[in-house]
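Below is one structure; the comments refer to it alone.
Since every read-out is calculated from the coordinates, none of them should be taken as a lab result. From a predicted model like this one, the values you see are computed outputs, not experimental measurements. Neighbour counts are summed over all protein chains in view; Cβ atoms, including those assigned to glycine, are modelled from backbone coordinates with ideal geometry.
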Amino acid sequence: MTVRGYIRPESLWQIVDVLHGQGVRVVAPTLLDGLCQFGVVTSSKAVVTDYLLPQNTYKEFLFPKEERVLTYIKRPEGGYALTGPEHDFPETVVLGGRPCDAAAIGVSLKAVFGGAKWGHEDPLFMERLEATTVVSISCDRPDLSCFCPTMGLGPDDPTGSDVLITRTEEGQPVFVLEALSPKGEAFARRIGDLVHGDRDDGDLAARRAEAGEAARGRFVRTFDVEGVKDFLDDPANFDDAMYARLGTKCVSCGVCTFECPTCHCFDLKDVGTATQGERIKIWDSCQFPAFTLHASGHQPRPLPWERYRNRFLCKFKIYQDTFEAPGCTGCGRCVRDCPVHVDITTYAMRAGAKQRKLIGIEA
């Protein structure tokens, strides 16, 4: 990574004004319905500047909650005429995302929609991603729900970001800017005079590294990811009693999946008549009772705790086995906002402890 220079604290969010003046769509933390969420902003005055993590993720600007994938109309001579969606996506800068979201969307979702596994990419997602520059801001403090270091990332991890901005505290506080991709270099050039200092400044690099190390030291929620994976890899543990004990209180609301930056399940529905209409893609959730419901009426996971077991397996085994990408980046949203306090890290810590006991590391 290359240190491009620094931005003074009072100038950081002026980036919104500069980019908006250049006709760029800016997505940043803002106040929507009384909550800090990612949304489109047109002025620095609309940005929430003192935040830990917005409630939602910016994946909805790359993978919308609902979108048309085709329209159909029956021809008089027989058959149907199909029309695909318009592929005109605005140039976008996500400003103020966190490293956990950048890794989830730029790596994990890209692994699903990018075609490397299936041989067919989702052009709607990939073209939006190509039109988007991700400017992440390192976390300088976590809350008790955050656990990104446990997942092999961290509050200043550059994975998935085009630009990483890190606040340094030693001496005069500044935000160090690192360009991580060609899109990141272009971003640094277009904000011009807001960036000060010389490229490859050794002092800035050292201060940035110290700030990242200090932030990593503030995390308290940890567990052994490898032990969890080993536990889940053993089919004998599929019916372990912990699943029913921990997950019975789940109410199948789907909040954990809709707020998750790596969840990607969707449904396709035809809306209209037999002669004309449209096919839409909408978010779905493995926590919903109708998810995987067979046409016969059979539901292979009828109970809420069975569906949450599937989510746990997806995050710590299935996603990794299938896509060779992390199914969880430790953002903690599912822990923070579950209305009945179902905690995926409790599952992970229990599974890790059981695995250690199975192999005789501890009683």
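Can you tell me which of 91-102, 304-315 comes out highest on packing, and rank the rest after it, using the mean Cβ neighbours within 10 Å?
Sorting 91-102, 304-315 by mean packing, highest first, produces 91-102, 304-315.
Place +1 on the Cβ of every Lys and Arg and -1 on the Cβ of every Asp and Glu in the chain, take the dipole about the Cα centre, and give the residue among T166, A179, Q287 whose Cα lies farthest towards its positive end.
Q287
Return the whole-Å distance between the Cα centroid of the range 302-353 and the Cα centroid of the range 226-296.
After rounding, the separation between the Cα centres reads 11 Å.
Which order do the peptides 343-349, 153-159 come out in when sorted by mean C-beta neighbours inside 10 angstrom, highest first?
153-159, 343-349
For the cross-link pairs K59/K110; K229/K357; K269/K315; K269/K317; K229/K354, which exceed 18 Å when the distance is taken from alpha carbon to alpha carbon?
Check vs 18 Å cut-off fails for K269/K315; K269/K317.
Give me, ordered by chain and number, the residues 5 or more places off V174 or on other chains with an amide H under 5 Å from its own placed amide H.
T168
From the phi of every residue in the range 122-135, what ³J(HN,Hα) in whole Hz does the Karplus formula 6.51 cos²θ - 1.76 cosθ + 1.60 yield, where θ is phi - 60° and glycine or proline is x?
Result, ordered by residue: 8, x, 5, 5, 5, 6, 5, 4, 5, 7, 10, 9, 9, 10 Hz.
With a/c under 1.5 counting as rounded, go ahead and sort the range 225-358 into rounded, prolate or oblate using the C-alpha gyration tensor (a ≥ b ≥ c being the square roots of the eigenvalues; past the cut-off, prolate if a/b is larger than b/c, else oblate).
prolate
Report ³J(HN,Hα) in whole Hz for each residue of the range 343-355, in order, from the Karplus equation J = 6.51 cos²θ - 1.76 cosθ + 1.60 where θ = phi - 60°; Gly and Pro get x.
Values, residue by residue: 10, 5, 6, 5, 4, 5, 5, 5, 5, x, 5, 5, 5 Hz.
Residues with amide H under 5 Å of L70's amide H, sequence separation 5 or more or different chain, H placed in the peptide plane at 1.01 Å from N; which?
It is R279, by chain and number.
Just need the relative contact order of the chain here, percent rounded to a whole number, with Cα pairs under 8 Å and 6+ apart.
22 percent
Once you keep just the Cα pairs under 8 angstrom separated by 6 or more residues, what percentage relative contact order results for the range 225-358?
Relative contact order of the range 225-358: 36 percent.
Skipping prolines and chain starts, which residues have an amide H placed within reach, meaning under 5 Å, of the one on T2, given they are 5 or more residues away or on another chain?
Those qualifying (amide H under 5 Å, at least 5 residues apart or on another chain) are A179.
Per DSSP H run of at least 4 residues, take -39500 (n - 2.57); add these up for the chain, divide by its residues and hand me the 222 nm value, nearest 500 deg cm²/dmol.
About -7500 deg cm²/dmol.
From the phi angles alone, apply the Karplus equation (6.51, -1.76, 1.60; θ = phi - 60°) to the range 151-166 and give each ³J(HN,Hα) in whole Hz, x where the residue is Gly or Pro.
8, x, 10, x, x, 10, 6, x, 4, x, 8, 8, 9, 10, 10, 10
If you take the square roots of the eigenvalues of the alpha-carbon gyration tensor of the chain and sort them as a ≥ b ≥ c, do you get rounded (a/c under 1.5), prolate (a/b over b/c) or oblate?
oblate
Based on the mean of other beta carbon atoms within 10 Å per residue, what is the order of 139-150, 241-252, most packed first?
Those peptides, ordered most packed to least, come out 139-150, 241-252.
Which of A46, A206, A295 moves most in a GNM of the chain, Cα contacts under 10 Å?
In the Gaussian network model the winner is A295.
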